[in-house]
Amino acid sequence: MTIEITRIDPFDADAVDAWWDAYATAERADRGKDTPVWTREESRSELQQESQVVERRAFLLRDGEVIVGSASLALPRKDNTHIAHLAIDVPPAHRRRGIGSAALAFLEHEATIDGRTTMQGSTSWRYELGADGAGAPGREFARRHAYALALGDVQNRLTLPVDSALLDRIEADIVARTGGYELRSWIGPVPDAVVEGWAILDASVETEAPSGDLDIEPAKPDVAAIREQEELLDQQNRTSIGTVAVTPEGEAAAYTQLVISGDDGNAYQWGTLVRTADRGHRLGSAVKLANLRLLMHEAPHVPAVYTYNAESNAHMLAVNTLLGFVPTERMGELQKRLG
């Protein structure tokens, strides 16, 4: 068997459809038919974006005329340029034939040509399989190919709406600690008045939050990258909801972001961070609470919020539990150093 791997044109509708079909089929086979995945049009818009931040490459895997899988490579162009992010999806009907291994070797070669020294990817499995994911197809594939579990995450789901009395009790418990800070919330792009502070916090979130053994460096704050991301959200029919806690001097001390998918209807928790100098004031809880209230008021049709947190992040997991989140899945962030 010879596997043909071809890069697709993101403006070739049939090719993108075939690429997405392989991705969605594989993900839902392993994680459950109702698991939330990126929608077809969200994926198409991302592939088509001319990004200054990351180069995206998508590939179809074929055995003769039969499409047997899909793969992708994301190459950061501004920060962490030693890293390549990969994804491989082979539907169950085509597994155990060396297709995934061939795709992985191809992606590693592509990354090496581009000067990358660290490969990173992720795989998800059912929560009840435990933190190691033993027996999950993606986890075992990674293990066989020397990809280490660099960070383990928990996916949690919050069914909406949340009882307002619960939110009132939480707010009453934290209000004394948050005095002196102003909370500002909005829907859509980050206001110009706070976007520089937002960019600083957003650039720090991956390294300030638990990062395990991930080979990542702090990113540089970049307002242009924030605006580029907002343009993509608009193209994807997604809506951003943001909240910051602002000091008396007007500096952003904490931030949080929810993104609503206009296609699947759910909301997804993106970054949440309190800068080091302002910790201990319950600002993380305060901004998440304010953002959740705005979400429920402005988008009452949203059925649920999904969030991922490092399994080691006991504080944030406790906050989520208090709000009513329940664990639904686990995700492993995988890593291999090349050479």
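Structural remarks
- A search for C-beta distances below 7 Å between a residue of region 12-28 that is among the aromatic types (F, W, Y) and any residue that is outside any helix (DSSP H, G or I), counting only pairs 6+ apart in sequence or on different chains, returns W19/I8; W19/A58; W19/L60; W19/S70; Y23/S70; Y23/D89.
- Only one entry of T117, T81, T159 meets the criterion of being over 24 Å from R31 (Cβ atoms), touching a residue at least 60 places away in the same chain (Cβ under 8 Å) and open to solvent by 40 Å² or more (accessible area, probe 1.4 Å), and that entry is T117.
- All conditions but one from (1) closer than 19 Å to W38 by Cα; (2) touching a residue at least 60 places away in the same chain (Cβ under 8 Å) apply to L294; the one that does not is (1).
- Residues (among the charged types (D, E, K, R) and either part of a helix (DSSP H, G or I) or at pLDDT 95 or above (or both)) located in region 164-190: D168, R169, E171, D173, E182, R184
- Matching entry among E108, E140 (being crowded, with 17+ Cβ neighbours inside 10 Å and over 22 Å from Y306 (Cα atoms)): E108
- Odd one out for G332 among (1) under 23 Å from I170 (Cα atoms); (2) not in a helix (DSSP H, G or I); (3) not polar (S, T, N, Q): (1)
- Considering only residues in region 125-137 that are among the small types (G, A, S) and in contact with a strand residue (DSSP E or B) (Cβ under 7 Å, 6 or more places away or on another chain), the one that is surrounded by the fewest Cβ atoms within 10 Å (Cβ to Cβ) turns out to be A131.
- The residues of region 267-289 that are assigned to a helix (DSSP H, G or I) and open to solvent by less than 60 Å² (accessible area, probe 1.4 Å), listed by number, are D278, L283, G284, S285, A286, V287, K288, L289.
- Selected residue (criterion: farthest from G262 (Cα to Cα)) from residues of region 288-325 that are β-branched (V, I, T) and in contact with a Gly (Cβ under 9 Å, 6 or more places away or on another chain): V319
- Residues in region 297-327 that are open to solvent by 40 Å² or more (accessible area, probe 1.4 Å), closer than 18 Å to G265 by Cβ and either part of a helix (DSSP H, G or I) or hydroxyl-bearing (S, T, Y) (or both): H297, E298.
- The single residue among V205, V223, V246 that is closer than 14 Å to L273 by Cα and touching an Asp or Glu at 6+ places or on another chain (Cβ under 7 Å) turns out to be V246.
- Picking from residues in region 209-238 that are open to solvent by 60 Å² or more (accessible area, probe 1.4 Å) and part of a loop (DSSP other than H, G, I, E, B), the one that is farthest from I187 (Cα to Cα) is D213.
- Exactly one residue out of A310, A318, A290, A277 is over 18 Å from S124 (Cβ atoms), hydrophobic (A, V, I, L, M, F, W, C) and in contact with a strand residue (DSSP E or B) (Cβ under 6 Å, 6 or more places away or on another chain), and it is A290.
- Flag if A193 is within 21 Å of R56 (Cβ to Cβ), modelled with pLDDT of 95 or more and not polar (S, T, N, Q): no
The values are calculated or read from the model by the stated rules, or taken from the named source; none is laboratory data. All values reported here derive from a predicted model rather than from experimental measurement. All Cβ positions, even for glycine, are placed from backbone atoms using ideal geometry, and neighbour counts span all protein chains on display. Surface accessibility is based on the protein's heavy atoms, side chains included, excluding ligands, DNA and RNA. Shrake-Rupley method; radii C 1.70, N 1.55, O 1.52, S 1.80 Å.
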